[in-house]
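The block underneath contains the structure these notes are about, expressed in structure tokens.
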Amino acid sequence: MSEITKTTYQLPIGPIHPALKEPVMFKFEIDGEKIVDVDIELGHVHRAIEWTGMHRNPIQIIYLAERICGICSFVHPMAFCRAVENACDIQVPERADYLRVVHGELERIASHLLWAGVAAHEIGFDTVLFLTWEMREKVLDLIEYLTGNRVTKAILTIGGVRRDIKPENIPKIKETLKYFKDNYKKLSHVFLDDKTFKMRCMGCGILTYDDALKLCAVGPLARASGVKKDVRSDQPYAAYGDLDVDYMTPDKLTGEVNGDVYDRIIVRLLEVKQSIELIEKAIDQMPSGDIVSEPKIPKLLNYIKKTAGEGIGRDEAPRGEVIHYVKFDGENENPFTWKVRASTYANVLPWIPMLKGEQIADIPIVAASTDPCMSCTNRVTVIDKNKKYMLDKEQLHKLSVEKTRRLMR
Amino acid sequence: MAEKKTKKKAAEKTVETSNKQLSPEEVVKYFKDKFDTKIKSAEIKKRVTGSKKKEFVNIWMKIDKSIFKNFIEHLCNLTYPHLAVCCGNDMGKEIELVYNFSIYYGKHLQEISLNVGVEVPKSKPEIETICDWIPGALITEREKQEMLGIKVIGIPDSRRLFLPDDFPENVYPWRKDEQTKKEIEKLYKNLHEGVKKK
């Protein structure tokens with residue numbers, strides 16, 4: 001290291017890296033251990049899904065949208081279906097609205113638990129990874145029981161859902177929810193009271209209220225900075241309007257908003273609890289009736305073909321607001337335009353103020369704290385002008401683990 | 001514990017979101033009073049959902065390009081909007097950009113989705129940046145530059161975002177004209193030939 005003459009040097013991280021479950025490229029300007037500047041490159045998994053979709057009919061797009069993201073496989077088709085329903089004025093039956101809430105919230109629990117495990121792994125707390133992912137298996141089992149598949153559920157269709165929840169399914173749902181209620185305390189104790197978690201996460205990766213608002217942050221990231229923004233509460237969609245969803249901000253638990261990584265953990269844990277309550281409420285209040293407005297697909301497609309119009313569908317994904325825009329020209333079955341805006345797309349810019357001033361060892365936890373999902377939107381080489389050396393993915397993870405160990409001493 | 005750092009305060013608020021709330025009709029009137037005929041059309045769409053039939057509102061506006069920047073300024077003064085995304089339609093001679101805003105978020109079931117359409121001629125596809133009012137618009141503006149060939153005037157960062165560096169210049173994948181189709185086909189053809197050779 002003695003040859004280095006520059007005061008700052010560049011540290012590219014990605015496109016493939018363990019903290020980032022999907023490819024994205026960061027270029028850091030580093031001064032010693034401190035991050036001075038960040039640049040982000042996207043597009044490594046741009047699969048031209050929107051372009052492909054403009055050559056498919058709306059029913060085919062539902063299954064294409066489901067494959068935008070491996071975790072949010074409910075919210076993307078949901079936002080697309082809502083966009084088509086808004087554009088073509090299709091009314092969804094009441095029961096389908098409630099069923100959509102149940103499936104959406106199950107996905108939120110699965111996603112937040114997955115994230116909690118990854119966050120624990122990033123700071124070298126692998127026992128917690130196994131604890132949370134064990135819990136996640138339970139919710140995936142329930143999703144499989146209700147829809148037939150763990151991840152790509154193919155549950156949605158335009159104007160409703162494809163599978164009903166029958167009375168004989170209710171005991172299994174209640175049983176799983178009871179398991180979560182029993183174990184929730186353990187989970188929140190591990191994440192919120194543990195000394196190591198507090199040391200690594202408090203005051204780290206701060207996003208201010210102003211930045212969150214100006215940079216259009218969405219989801220738990222924005223809420224952890226005190227911005228009250230949650231599509232489920234902002235506008236009535238599906239049955240959320242009936243269920244009184246509250247904004248989960250960290251001050252509900254601690255009385256103050258810091259906008260750091262720890263606050264993001266609080267928000268997500270509160271939301272897991274909120275989701276459990278929402279599923280219970282939705283199941284209790286679920287009206288009887290049809291689950292889809294038009295079961296005959298050729299008839300539906302013919303109707304859409306004749307309709308000209310544009311619509312947007314907004315939906316609160318586990319990571320934040322997802323918005324789909326569709327436009328039909330009234331002549332073709334295929335949409336004239338289809339635009340997908342995933343939540344990470346909006347949460348990319350807030351990374352910059354969050355990472356500035358932090359240490360290299362904090363990169364994994366800060367990047368992971370937004371729960372990035374690049375498909376909806378390794379190795380590290382450290383290069384300076386005179387010398388080039390490699391820092392592989394294991395080493396960077398090791399740096400993070402070492403920092404935790406150092407703090408614990 | 002020596003590594004605990006002192007950092008900027010999180011909860012400081014300088015951006016004020018207005019407490020006064022206008023109804024969808026008043027929002028439309030507010031802009032019509034300001035810009036008169038430059039607002040080409042304005043439509044309020046209301047839909048209901050759930051058992052309690054709660055209502056949500058979409059406002060679709062089409063405005064003239066000449067007032068675009070001024071419109072954004074007035075919108076930011078009315079209440080600080082959240083820009084979800086900017087979408088683009090290739091209409092043949094024009095390219096229509098649709099900016100999807102949401103206003104009055106943070107108030108239970110009071111949010112309004114405001115969709116503002118602006119048409120720019122394809123021969124001179126230029127629009128002013130809104131990054132000075134809403135810095136978060138940068139990503140979507142960069143995407144429109146590379147995908148639709150819009151020139152965003154005054155954009156703070158005009159590099160490509162999603163497309164790779166070796167993607168040909170002057171080919172904009174979301175355009176629907178014959179020339180773009182040909183170019184895209186050419187890219188496809190080369191792709192398959194490459195696979196066959198292997």
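The values are calculated or read from the model by the stated rules, or taken from the named source; none is laboratory data. Just so you know, these numbers come straight off a predicted model, no measurement behind them. With ideal geometry, Cβ positions are generated from the backbone for all residues, glycine too; neighbour counts draw on all protein chains shown.
Descriptive notes on the structure:
- For the stretch B:124-164, the tally of residues that are hydroxyl-bearing (Ser, Thr, Tyr) and in a loop (DSSP other than H, G, I, E, B) stands at 2.
- All strands (runs of 3 or more DSSP E) inside the stretch A:322-409 with 1 or more residues being buried (at least 19 other Cβ atoms within 10 Å of the Cβ), at pLDDT 80 or above and out of contact with any Lys or Arg (no Cβ under 9 Å at 6 or more places or on another chain): A:337-341
- Among residues of the stretch B:85-123, those that are outside any strand (DSSP E or B) and under 19 Å from A:Trp51 (Cβ atoms), counted: 3
- Positions within the stretch A:129-172 being among the β-branched types (Val, Ile, Thr) and either outside any loop (DSSP other than H, G, I, E, B) or closer than 30 Å to A:Arg405 by Cβ (or both), in sequence order: A:Thr132, A:Val139, A:Ile143, A:Thr147, A:Thr157, A:Val161, A:Ile170
- No other residue among B:Phe71, B:Phe101 is touching a strand residue (DSSP E or B) at 6+ places or on another chain (Cβ under 6 Å), more than 11 Å from chain A (Cβ to nearest Cβ) and buried (at least 19 other Cβ atoms within 10 Å of the Cβ) apart from B:Phe71.
- B:Val118 meets each of the listed conditions (1) aliphatic (A, V, I, L, M); (2) within 23 Å of A:Ser343 (Cβ to Cβ); (3) touching a Leu at 6+ places or on another chain (Cβ under 8 Å) apart from (2).
- Test: residue in the stretch B:75-84 that is at positive phi and not in a strand (DSSP E or B): no
- Only one entry of B:Ile155, B:Ile139, B:Ile127 meets the criterion of being under 16 Å from the mean Cα position of the chain (by Cα), of a type in the set (Val, Ile, Thr) and within 11 Å of chain A (Cβ to nearest Cβ), and that entry is B:Ile139.
- The stretch A:224-246 - residue that is at the interface with chain B (Cβ under 8 Å from one of its Cβ atoms) and within 20 Å of A:Ile206 (Cα to Cα) and, of those, surrounded by the fewest Cβ atoms within 10 Å (Cβ to Cβ): A:Lys228
- All positions within the stretch A:258-282 that are within 14 Å of another protein chain (Cβ to nearest Cβ) and part of a helix (DSSP H, G or I): A:Val261, A:Tyr262, A:Asp263, A:Arg264, A:Ile266, A:Val267, A:Leu278, A:Lys281, A:Ala282
Rundown of residues vs (1) modelled with pLDDT of 90 or more; (2) on the phi < 0 side of the Ramachandran plot; (3) assigned to a helix (DSSP H, G or I), yes/no style:
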{"position": "B:Ala2", "(1), (2), (3)": "no, yes, no"}
{"position": "B:Val15", "(1), (2), (3)": "no, yes, no"}
{"position": "B:Asp33", "(1), (2), (3)": "yes, yes, yes"}
{"position": "B:Thr37", "(1), (2), (3)": "no, yes, yes"}
{"position": "B:Lys45", "(1), (2), (3)": "yes, yes, no"}
{"position": "B:Ile59", "(1), (2), (3)": "yes, yes, no"}
{"position": "B:Ile67", "(1), (2), (3)": "yes, yes, yes"}
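- Output for the stretch A:53-95, where each listed residue is among the aliphatic types (A, V, I, L, M), within 12 Å of chain B (Cβ to nearest Cβ) and surrounded by 24 or more Cβ atoms within 10 Å (Cβ to Cβ): A:Ala79, A:Ala83, A:Val92
- Near pairs, Cβ below 8 angstrom, 6+ apart or cross-chain, from the stretch B:35-50 (small (Gly, Ala, Ser)) to any residue that is in a strand (DSSP E or B): B:Ser41/B:Trp60; B:Ser41/B:Met61; B:Ser41/B:Lys62; B:Ala42/B:Ile59; B:Ala42/B:Trp60; B:Ala42/B:Met61; B:Ala42/B:Lys62
- Some residue of the stretch A:302-315 being aromatic (Phe, Trp, Tyr), in a helix (DSSP H, G or I) and under 28 Å from A:Phe28 (Cβ atoms): no
- Within the stretch A:30-52, being within 24 Å of A:Met354 (Cβ to Cβ), more than 10 Å from chain B (Cβ to nearest Cβ) and surrounded by 16 or more Cβ atoms within 10 Å (Cβ to Cβ) holds for A:Ile30, A:Ile35, A:Val38.
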